[in-house]
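The values are calculated or read from the model by the stated rules, or taken from the named source; none is laboratory data. Everything numeric here is computed off the predicted structure, so don't read it as measured data. Here Cβ is always computed from backbone atoms with ideal geometry, including for glycine, and neighbour counts include all displayed protein chains.
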Amino acid sequence: MRTFKNTPHHMIRLIGLFCFGWIISLQTFSQSIQRDVIGSAGMVTTYGNYTLSFTVGEPAINTLNYSGYKIHQGFQHGSKQMNIPMYLICYLQGAYSPSLHAMNPMLLNQGMSSDATVVDTITLALHAATPPYAVVTSKQVLLPITGVLNTTMLTLPGNYYLVIKHRNTVETWSSLPYQFTGSPILIDFSYQAQTVYGSNQEEVEPGVWAFYSGDINQDGATDAFDFGLLEPDITNAASGYVTTDLNGDGIVDAFDYLVLDPNIVSGVTAIKP
Ligand SMILES: [Ca+2]
Ligand SMILES: [Ca+2]
């Protein structure tokens, strides 16, 4: 009978202990998680080419090292981005020198850099393959005078047009969307006009094609408005970091006019899907 009478109390104590321990363990668990919870702004951490991102209030667990993949934790499951290698060859018409088979070091000539191996900053953008062809991601890179550019783009897998922009170049789109699956993207825009959308390139020496120069005001066309900006700079012999220096030699003169004029006459504009 004593056993029978005490058992409920014993069980109650056991249950109480269990509950207390459970609460303690919950608190301990909560505290241990709390230490790893990130702040209200979220967080991104990188390891080599790999990136992990964390949403607000999410435990930060850096565990994955998946080849080329960006792994999202918890609330962002299902989303993965890849840092995809890209190897491009492209030239800017005005800056291209047929005698050098390369481009002028525009930034160096304009007093903005001491690096004779680069032309200028260009923007690479990935646009959706379907209307309205929205921009997905973009980055700025320095274009080497050789036109050979090794870089990467961080993006979700998918099909994208590659769009190249430069401060006095006509915006140029790839002829087709490229499939970004994780494998390196190799595009030589220079070997024929058709590599870009609408074959919108100029042959700057036999067998070498370049993106049209002369869109000084970046409105998508080469026309009188660009000449309206160029002409006073020629008159004033402008120099330095100016967008009217189309050939990138550091000064604005008749040679820049010789780049722009034929493009205006031909009605060169950006051609995009
Ligand atoms: Ca323009
Ligand atoms: Ca010039």
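General remarks:
- Test: residue in the range 81-96 that is polar (S, T, N, Q), at pLDDT below 95 and either farther than 16 Å from residue 249 by Cα or outside any strand (DSSP E or B) (or both): yes
- Residues satisfying the stated conditions in the range 131-159, i.e. surrounded by 21 or more Cβ atoms within 10 Å (Cβ to Cβ) and within 28 Å of residue 263 (Cα to Cα): 143, 145, 147
- Every pair of residues 6+ apart whose Cβ atoms lie under 6 Å, when the first sits in the range 214-232 and is in the same structural domain as residue 262 (by TED's automatic domain parsing) and on the phi < 0 side of the Ramachandran plot while the second is small (Gly, Ala, Ser) and within 16 Å of ligand 2 (Cβ to nearest atom): 222/214; 226/214
- Meets criteria (more than 16 Å from ligand 1 (Cβ to nearest atom), at pLDDT below 95, of a type in the set (Ser, Thr, Tyr) and assigned to a loop (DSSP other than H, G, I, E, B)) for residue 190: no
- Of all the residues in the range 192-220, those that are among the charged types (D, E, K, R) and closer than 18 Å to residue 88 by Cα number 2.
- Scanning the range 204-219 for residues that are more than 16 Å from ligand 2 (Cβ to nearest atom) and of a type in the set (Val, Ile, Thr) yields a single hit, 208.
- Unique residue being within 15 Å of ligand 1 (Cβ to nearest atom) and not in a strand (DSSP E or B) when the list is 255, 227: 227
- In the range 220-270, the qualifying residues are those that are away from ligand 2 (no atom under 13 Å from the Cβ) and hydroxyl-bearing (Ser, Thr, Tyr), and the one that is nearest to the chain's Cα centre (by Cα) is 269.
- Only one of the numbered conditions (1) free of Cβ contacts under 8 Å to residues at least 12 places away in the same chain; (2) part of a strand (DSSP E or B) is not met by residue 164, and that is (1).
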